[in-house]
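The values are calculated or read from the model by the stated rules, or taken from the named source; none is laboratory data. Because the structure is a prediction, the values reported are computed rather than measured. Here Cβ is always computed from backbone atoms with ideal geometry, including for glycine, and neighbour counts include all displayed protein chains.
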Amino acid sequence: MIESIGSIIKQFISRLNIEPQMKEGRILSDFARIIDPDLAEEVFPDRVEGGILFLQVKSSAGMNELKLRQKSLIRKINDCLGEKYISEIRMNLSNPQK
């Protein structure tokens, strides 16, 4: 039986147990494409831990807007991954650059 390359790669990733890190990396690298363009300049992904996405936000106005859109952002991220992976978003105001 001949296996597809994609199938072989999935098995390899599974054996190495790096799938969670790959998903987290994808969220962080694709974040600017996932989030609405009007918020992309305000928000920076920091890390993903245990299904929680940590974000740095430039302003309190951006934080308020994100709170309003939090559920739809979680849905967009999970849709991008093809599964429910992110369950919560936590936000912090980033320190202004001096």
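Residues that are modelled with pLDDT under 85 and among the acidic types (Asp, Glu) were ranked within region 1-35; the one that is nearest to the chain's Cα centre (by Cα) is Glu24. Can you say whether Glu19 is out of contact with any Cys (no Cβ under 8 Å at 6 or more places or on another chain), over 16 Å from Asn92 (Cα atoms) and not hydrophobic (A, V, I, L, M, F, W, C), as far as the supplied structure shows? It is true that Glu19 is out of contact with any Cys (no Cβ under 8 Å at 6 or more places or on another chain), over 16 Å from Asn92 (Cα atoms) and not hydrophobic (A, V, I, L, M, F, W, C).
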